[in-house]
Amino acid sequence: MNKAHAHANTGPRLVAWEVTRNCNLNCVHCRAAASRGPYTGELGTEKCLEILKQIAAAGQPIVILTGGEPLLRQDIFELAKHGTGLGLRMVMAANGTLITSEMAGSMKSSGIQRVSISLDGPDASTHDRFRQVQGAFEGSIRGIEELKKTGIEFQINTDHHTAQRGPGSGDARPRRKARSSRAPYLPAGPHRTGQGYDQSGNQCRAV
Ligand code: SF4
């Protein structure tokens, strides 16, 4: 058995790497306890490049760049490109609000193969309340549109919570144009939260 095959069989299969705690949203259910920051003392670029080398030496996992909001790192595409060059499958978990056309282009050229976007409900009133930022839902939908235009695969993650249930909302999946044959709906967020209660006393439960 050669070294590459040995790694594929025995090394880690998935690495979710919280590359920053900074975030532009302020979700009530954030497992990463991320907020706007800025937080200092985070790992520098050189250290992160070294960590990617160590990951590649241990196996060939999928590496999820997450946070916080990974797009707030100035060097995020340098990291993605480096991981891609090491033969790692680089993906990203983002909240979607910062994905402009330019960002999507940089994702593609750095080798990001898939992006997961979190939506907490079918509409802005549900989503924005959880995210505690007005316009977050529209921002995420815009980000998804940019991914679609750029040809980057995406998936929508969500947490199930009782606040999603309203009149006629038996199925809480986002129904807007974000849905496509390339966008599987996965009932789990990038930050699994187990279960708990939001500030209004509604139950949240990761499934
Ligand atoms: S759940 Fe994600 S988007 Fe929300 S505050 Fe935490 S890191 Fe930011």
Can you list the helices (runs of 4 or more DSSP H) found entirely within the stretch 38-143 that contain at least 3 residues being within 16 Å of the ligand (Cβ to nearest atom) and among the charged types (D, E, K, R)? 124-131
Kindly provide the set of residues from the stretch 3-36 that are among the charged types (D, E, K, R), surrounded by 14 or more Cβ atoms within 10 Å (Cβ to Cβ) and modelled with pLDDT of 90 or more, ordered by number. 18, 21
Is there any pair with a first residue in the stretch 83-105 that is within 16 Å of residue 48 (Cα to Cα) and modelled with pLDDT of 95 or more and a second that is part of a helix (DSSP H, G or I) and β-branched (Val, Ile, Thr) whose Cβ atoms are under 6 Å apart and which are 6 or more apart or on different chains, and what are they? 90/84
Going through (1) in contact with a His (Cβ under 7 Å, 6 or more places away or on another chain); (2) modelled with pLDDT under 95; (3) crowded, with 21+ Cβ neighbours inside 10 Å one by one, residue 191 fails only at (1)
Scan the stretch 82-103 residue by residue and report those that are more than 14 Å from residue 141 (Cβ to Cβ), among the small types (Gly, Ala, Ser) and buried (at least 23 other Cβ atoms within 10 Å of the Cβ). 83, 93
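The values are calculated or read from the model by the stated rules, or taken from the named source; none is laboratory data. Computed from a predicted structure; not experimentally measured. As a convention, Cβ positions derive from the backbone with ideal geometry for all residues, glycine included, and neighbour counts pool all protein chains shown.
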